[in-house]
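The values are calculated or read from the model by the stated rules, or taken from the named source; none is laboratory data. These numbers were taken from a predicted model, which means no experiment stands behind them. With ideal geometry, Cβ positions are generated from the backbone for all residues, glycine too; neighbour counts draw on all protein chains shown. Please note that ligands, DNA and RNA were not included when accessible areas were found on the heavy atoms of the full protein model with its side chains. Shrake-Rupley method; radii C 1.70, N 1.55, O 1.52, S 1.80 Å.
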Amino acid sequence: MRETSSPTAANCAVRFCVALAFAFGAIASVLDAAEIQDLGVSEIVEPPPSPADIAPSYEEIKPDAWEGRGLSAAEVLSALPGIQSYKQGGMGSFQTVSIRGIAARNILICIDGVPVNDASGGAADLGAIDLNNIEKIEVYKDRVPAKFGGAGLGGAINFVSKSAIRKSGNSKGASGRILATIGSHNSFEGSAQISASPKDSVQFSATISARHSDNDYEFLNRNGTAYNKDDDFMDKRENAEFTEYSGNLQYRVLHKGGYFSTVSASITHTEAGNPGHESSQTKVAEFVGDNAQVSYHLETPVLLQCLLLEAGVAGKFEKNVSGSYYPLDYIGYSYPDFIHYGLAGYRLMPELIGTLILDRFEGTVRAAASAETWGARGTIRDFGASRYTASIAANGEFAFTKWLSLFAEGNILKTNDEIDGGKFLMPTGTAIISDAETRDLSYAGMVQAELGKKDSWFGGNISVGRFYRQPQLMELYGVYQGVLSNPKLKDETAVRFEVGGFVQSPSKKSTLRATYFDTRLENGIYWIVSTNAMKAFNVDAANIQGVELELNSKPVNFFETTIRGTIQDPRDDSKVKMYKGKLLPGEPVHSYYVEGKFYLPLHFDLTFDVNYRTRIYTDRLNRTRQPPVARYNVALGYAPWESTRLIFSLTNISNETYTNIFAPNPAPGREYHLTLIQNF
C-alpha cells in the first residue's frame, strides 16, 4: 500500500524557512561588511593543505559544531551537503551516514587513520564514537586518500582524537579542560582532558570520558499496523539504556637528530540494551562491546632537504557480543536458553610512508600490510577466519603554473583469506567451508585537475576515477544467526566523475561552492531476505547524479550563516524490471541545511539550524515510504569568563515525542542539554 499525502502546515513552514534563509544568506553575502571570525588554531600541527584537500569535496568539522549542542556524530555529519544520516534511537544507538547516495557500508570510517569498519561487512556504528574525545572530523567525499589505504567506494571519514601537540606559541607546563553535560532521559556526559609539556622535547595528553542515557523517551506505537490509526497508543521506549566509558592518550617525544616518536592508545567499553522495533520491544536483550587501539609512529627529520619518512605499526582489538532470551524477547529463533552471539577480532597493521617535496611536485607513497583474525563468541564457537593484505598506495601533485595543478592517486591491494572451522548457519542446518576463495588483485585510481591559486578568490576542480570495496570476511564466510554468507561475492566497483568550483566575494567574507557528481556502481552488495534468512548478493548496477551547493557568509560582526543544499537522483539501474528506475533505499532527492549564528551582547551567542530532507523509501520496490522530515535545533551560549562557557540546547524542538513515526526504530523527539566547559 503506497501512502499519499498533501503538504502540511509544518512542511510549508519548513519550505518557507529554507527559502527565507537562502534569500537572507544571499543578501548577507552582498552586504559583506565585516571580517570573518578567526576560529583559532588547531592543536594538530599539520603541513599546509594541498589543492586536493581544499577541493569542495573535502571538509573539516571542528568541535564548535557539536560541543554542548546535543548532536551525535551522524547528525553533525549530515549537516554537510551530500551526506544523509540514519539513527535507530537515542544516545549510543546504531547510527550511520551515506555520502552522495552511496551506502554507509561502503564508506571508510577511521579513528586517527585506523579503520573501525569491522569484518561483518556492515556499516561502522557512528553512535559508538564519543565526540568528547575528538579534536576534528576530516571528510573526504570524493575518494579514500592514499594515507588511509585508498580502498573504498564512498569516501572516508576520519575522526582525529585529542592531540598531545600543544598550540603554537604555548609555553611549557600543563593545561586542561573539563566538560559536563546533563540532559533529557537521565542523560549525562563528562570528559576531562589534560595536556602537559614538561620540556620542549616531550608532549603528553590524556582524555577520559563517560556518557549515559536511559533512553526512556515516549513515542507513538502503531501496534504493528502502520496504516491503521485506530489502535495506535503512546508508549515508552524500554530496554534502551546506554552506558559507555572511553579514554585515549598520546605521548610525543623529540629524539636527538630530529626524530619524533608518537605513541597513541585508546580504549572503549560499551554496555547497552537492545530494544528492538517499536511494536516488539525486548526485555533482556543486550549488547556489550570492547575496543582497544594502540599505535606507534617514528618520523624522520627532512632528509636530503626534500624527503620525509614515517614508519608505524598499529594494533587493534574488537569484541562485540549480543544476547537475547526468546521466551522474554520474542526475537530470533525459538531457542530455550539465553543466547550470546558475536565476534572478536585482532588486527595488526604496519606501514611505511615516504613523502617527497620538491619545488613544483609533492608525492607520497604508502606501503602497508595487515593481518586480522576473527572468531565467534558466545553460543557459536567453532568458527574462525583470518585475512592478510598487502597494499601500495601513492599520490602525486604537480603544479604546472600557479593556477593549474594535476593530482593523481591510486592503490593496489592483494588479499588472502583463510578459514578455520568454517561453519555457517542455515535455516535447515549448517554448511561447512573448508577453504577460502582466492581473490584477485583489486585496484583503484583517480586523476584530478585543480584550477586556482591557494589564495585566489575563485577556483575549480574536475576529476574522474575508478574505485572498489572488497567484501569483508563475514559477508563471505559469516556465522550470524539467520544470515547466509556468500563466498562467491565480487568486489563492488564504481566509476566516479566530479566537477566543482568556488567563488569568493572581493573581501573573501562570503564563499559559494558548487559541485556536480556522477557515480556509476556495479556489483553492489545487498542483503536480500529469502526463506526467513538474509543472504548477500551482488546486484547489477546503480547510477547516482547530483549537485551540492554551499554558501558561507559573515556580513556583519554579530551574524554569520551557512546554507547547504543537495539535489540528487539516486537510481537503481538493475536489469531486474521491478527495480530498474526506482530510488535507492534510504536516499532523499533533496536535502537542505541552514544555520545562523548571532553574537549577542554580554557574552551571549545564539545558534539556530534546520536540517530538512524529502521523503525516502526503505525498500527497493519503493513501497515502504517515510515522509519528509525536518529537525529544528537551537543552542544558547554564555561565556562569563574567557575560560568558562555554558551552553543550553534544544534539539528537534518541533517534534515533542518522536522524530519520525514512520521509522521502525523510534528515535527521541525534543531533548534538552545543559553543558559546562571549563578550561584551566
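Name the one entry in 220, 298 that is free of Cβ contacts under 8 Å to residues at least 60 places away in the same chain and hydrophobic (A, V, I, L, M, F, W, C).
Working: 220 fails: free of Cβ contacts under 8 Å to residues at least 60 places away in the same chain.
Step by step, each of 220, 298 is checked, and only 298 is free of Cβ contacts under 8 Å to residues at least 60 places away in the same chain and hydrophobic (A, V, I, L, M, F, W, C).
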Any idea which of (1) touching a residue at least 60 places away in the same chain (Cβ under 8 Å); (2) touching a strand residue (DSSP E or B) at 6+ places or on another chain (Cβ under 7 Å); (3) under 30 Å from residue 377 (Cα atoms) is the one residue 132 doesn't satisfy?
(3)
Hey, can you tell me all the residues within region 392-403 that are under 30 Å from the mean Cα position of the chain (by Cα) and open to solvent by 20 Å² or more (accessible area, probe 1.4 Å)?
392, 394, 395, 397
The one condition residue 617 fails out of (1) among the aromatic types (Phe, Trp, Tyr); (2) under 24 Å from residue 66 (Cα atoms); (3) open to solvent by less than 50 Å² (accessible area, probe 1.4 Å) is (2)
Hey, could you check region 77-109 for residues that are under 30 Å from residue 296 (Cβ atoms) and in contact with a helix residue (DSSP H, G or I) (Cβ under 8 Å, 6 or more places away or on another chain) and say which is surrounded by the fewest Cβ atoms within 10 Å (Cβ to Cβ)?
109
For region 641-667, enumerate the residues that are modelled with pLDDT of 90 or more and in a strand (DSSP E or B).
641, 644, 645, 646, 647, 648, 649, 650, 651
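For residue 574, state whether it is of a type in the set (Ser, Thr, Tyr) and in a loop (DSSP other than H, G, I, E, B). I'd like the intermediate steps shown before the answer.
Values: of a type in the set (Ser, Thr, Tyr): yes; in a loop (DSSP other than H, G, I, E, B): yes.
Taking the combined requirement at face value, the residue satisfies it.
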Check whether at least one residue in region 138-148 is small (Gly, Ala, Ser) and modelled with pLDDT under 90, and report yes or no.
yes
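For region 249-262, give me each residue that is over 17 Å from residue 317 (Cα atoms) and in a strand (DSSP E or B).
Those that are over 17 Å from residue 317 (Cα atoms) and in a strand (DSSP E or B): 250, 251, 252, 253, 254, 260, 261, 262.
Just one of 632, 599, 612, 593 is among the hydroxyl-bearing types (Ser, Thr, Tyr), more than 27 Å from residue 546 (Cα to Cα) and either in a strand (DSSP E or B) or touching a Leu at 6+ places or on another chain (Cβ under 7 Å) (or both); which is it?
Numbers: 632 fails: more than 27 Å from residue 546 (Cα to Cα); 612 fails: more than 27 Å from residue 546 (Cα to Cα); 593 fails: more than 27 Å from residue 546 (Cα to Cα).
After applying the criteria, what remains is 599.
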Count of residues meeting criterion [of a type in the set (Gly, Ala, Ser), surrounded by fewer than 18 Cβ atoms within 10 Å (Cβ to Cβ) and touching a residue at least 60 places away in the same chain (Cβ under 8 Å)] in region 631-666
1
Whichever residue in region 494-519 is farther than 14 Å from residue 462 by Cα and charged (D, E, K, R) and, among such residues, is least open to solvent (accessible area, probe 1.4 Å)
509
First in region 92-111 and under 16 Å from residue 149 (Cα atoms), second anywhere and part of a helix (DSSP H, G or I), Cβ under 8 Å, 6 or more apart:
108/148; 109/126; 110/148
Could you please find all residues in region 219-248 being open to solvent by less than 70 Å² (accessible area, probe 1.4 Å), acidic (Asp, Glu) and not in a loop (DSSP other than H, G, I, E, B)?
231, 235, 244
Residue that is modelled with the lowest pLDDT, among those in region 470-492 that are part of a strand (DSSP E or B) and either open to solvent by 20 Å² or more (accessible area, probe 1.4 Å) or farther than 17 Å from residue 144 by Cα (or both):
483
Which residues, counting only those in region 668-680, are assigned to a strand (DSSP E or B) and either farther than 18 Å from residue 240 by Cα or open to solvent by 40 Å² or more (accessible area, probe 1.4 Å) (or both)?
672, 673, 674, 675, 676, 677, 678, 679
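Looking at region 373-385, is at least one residue surrounded by 14 or more Cβ atoms within 10 Å (Cβ to Cβ), modelled with pLDDT of 90 or more and over 24 Å from residue 147 (Cβ atoms)?
yes
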Within region 439-457, take every residue that is outside any loop (DSSP other than H, G, I, E, B) and open to solvent by 70 Å² or more (accessible area, probe 1.4 Å) and give me the one that is nearest to residue 548 (Cα to Cα).
451
So residue 538 passes all but one of these: (1) more than 19 Å from residue 467 (Cα to Cα); (2) in a strand (DSSP E or B). Which condition number does it fail?
(1)
Which of the numbered conditions does residue 593 fail, given that it passes all the others? Conditions: (1) touching a strand residue (DSSP E or B) at 6+ places or on another chain (Cβ under 7 Å); (2) at pLDDT below 95.
(2)
From the set of residues in region 110-160 that are in contact with a Phe, Trp or Tyr (Cβ under 8 Å, 6 or more places away or on another chain), of a type in the set (A, V, I, L, M) and within 24 Å of residue 515 (Cα to Cα), which is most open to solvent (accessible area, probe 1.4 Å)?
151
Scan region 361-382 for residues that are more than 27 Å from residue 312 (Cα to Cα) and without any contact (Cβ under 8 Å) to a residue 40 or more places away in the chain and report the count.
1
With respect to the numbered conditions (1) farther than 24 Å from residue 66 by Cβ; (2) open to solvent by less than 40 Å² (accessible area, probe 1.4 Å); (3) without any contact (Cβ under 8 Å) to a residue 60 or more places away in the chain, which one is the sole condition not fulfilled by residue 584?
(3)
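So is residue 265 open to solvent by less than 20 Å² (accessible area, probe 1.4 Å) and without any contact (Cβ under 8 Å) to a residue 60 or more places away in the chain or not? It would help to see each step written out before you state the result.
Details: open to solvent by less than 20 Å² (accessible area, probe 1.4 Å): no; without any contact (Cβ under 8 Å) to a residue 60 or more places away in the chain: yes.
Answer is no for this residue.
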